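Have a look at the structure below, then the notes.
The values are calculated or read from the model by the stated rules, or taken from the named source; none is laboratory data. Quantities reported herein were computed from a predicted structural model and do not represent experimental measurements. Counting neighbours? That spans all protein chains shown, and the Cβs are built from the backbone with ideal geometry, glycine included. When the accessible area is computed, the model is the full protein with side chains, heavy atoms only, and any ligands, DNA or RNA have been set aside. Shrake-Rupley method; radii C 1.70, N 1.55, O 1.52, S 1.80 Å.
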Amino acid sequence: MSDITTSAVSGGERSRLSRALRAILFSEYLVLGMTILYVAILWPFVPEILNLSNLEDIFLQVLPLFIAAIGLMFVLMVAQIDLSATSIMAMAAVVGASIMTLQGGYLAGSPFAPVVAIVAFLAVGAAIGALNGVCTAYFGMPSFLVTLTTMMFFSGSAIWYTAVHTDSGSSIGSLPSAFVALGYGDIFGRGDLLGIPYALVATVVIAAGAHIVQSRSVFGKWLFAVGLNPEAAEISGVPVRRVIVWTFVISGVLSAIAAIIYTARLEAGTPILGQRVLLDVIGAAVIGGVSLFGGTGKVMGVFFGVLFLSVVDNGLQLLGLSLSSVYAIKGGVNRYT
């Protein structure tokens, strides 16, 4: 009898342990826990990772990446993929910069130049996103091929456009100070996070809006329905094609907003803007729990994914690893998380 009792107790303990392990592995806070664990392991070797200035750098790095990853999240939720985010950033950056640059810009010296340039950023993002969406939803083309094609085409177009508008052909600089302030400026002019950076305000508004759309709107319900079963969704009256087009438009617009922040920080529109962040944008969304097969995705999860990759990137650089090593390790992280 005692053996049976002991066996039952040990079986119950194993069952509780198994449930606890599953709860941890499938928790939406798992990635956040991984981030904290990574910092704890790295801290004895690079204590500067917890310096206030370094934490501010990480946080500022997170903001535009998070915005772009939210856009990709919408596309992934309907079981599609968008590889053109970085080319949208590049094209929007050079078009916007060409409008407001003080060196022969279309509206050089005009007080309205930054506003018109921002509108141009958003228009480029929306147009390329709409092109991706229409080709995917109405012409039945695979989104992987569509966005790969637009990525290559507009990356090349951004280089050509820059060459036409500058002598050097490398970037379009001399941007107005009012626009540059969007990169590192803040509401109260403190020069730190307590001053509430403009980029932080934009990111919070976008993240909150995305969460409300997902959880409180009809469009959000349509997103999950299309991602889980597009045929059943269409039979139920969901405008599947329009939903898919709009997800690509959202992705394009949010990529353009990320480009505004990056361009303001660089103080120039460059045709290679965002060239190195495509892996991070996709990886952050997937690590954050957005399924490549559609039907799932949360804004908070995407934030944790962006934070994790940004901290990993920062820590590896503090260790003094080469850029190629950083890419290799981050690629491995994306592969196995």
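Summary table below
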| item | result |
| --- | --- |
| Trypsin sites (Lys or Arg not before Pro) restricted to segment 233-309 and DSSP loop, no more than 14 other C-beta within 10 Å | R276 |
| Contact order normalised by residue count of segment 265-305, Cα under 8 Å, 6+ apart, percent | 33 percent |
| Per-residue SASA entry for T149, accessible area with 1.4 Å probe, Å² rounded to 10 | 80 Å² |
| Residue (of S177, P111, L200) at the positive-pole extreme of the chain, dipole from beta-carbon charges | L200 |
| Between 0 and 90°, nearest 10: helix 113-137 axis offset from the chain longest Cα axis | 60 degrees |
| For segment 163-207, accessible area per residue (1.4 Å probe, heavy atoms of protein chains only), Å² | 54 Å² |
| Lys, Arg +1 and Asp, Glu -1 on Cβ, resulting dipole of the chain about Cα centre, debye, nearest 20 | 660 debye |
| C-alpha long axis of helix 30-42 to longest principal axis of the chain, angle in ° | 80 degrees |
| Whole-angstrom gap from segment 80-121 to segment 159-209, using each part's C-alpha centre | 11 Å |
| With DNA, RNA and ligands ignored, accessible area of E48 (1.4 Å probe; Å², nearest 10) | 70 Å² |
| Options A258, T247, G191, ranked by Cα towards positive dipole end of segment 169-276, top entry (Cβ charges) | T247 |
| Rounded to 10°, Cα long-axis angle of helix 240-266 versus longest principal axis of the chain | 70 degrees |
| Solvent-accessible ranking of Y161, Y198, Y106, largest area first, probe 1.4 Å | Y106, Y198, Y161 |
| Simple spin-label estimate for L194 and W43 in nanometres, 7 Å along Cα-Cβ | 2.3 nm |
| Nearest-10 value in Å² for the accessible area of M34, using the 1.4 Å probe | 60 Å² |
| Highest-fluctuation residue, T35, T166, T203 considered, GNM on the chain with Cα pairs under 10 Å | T166 |
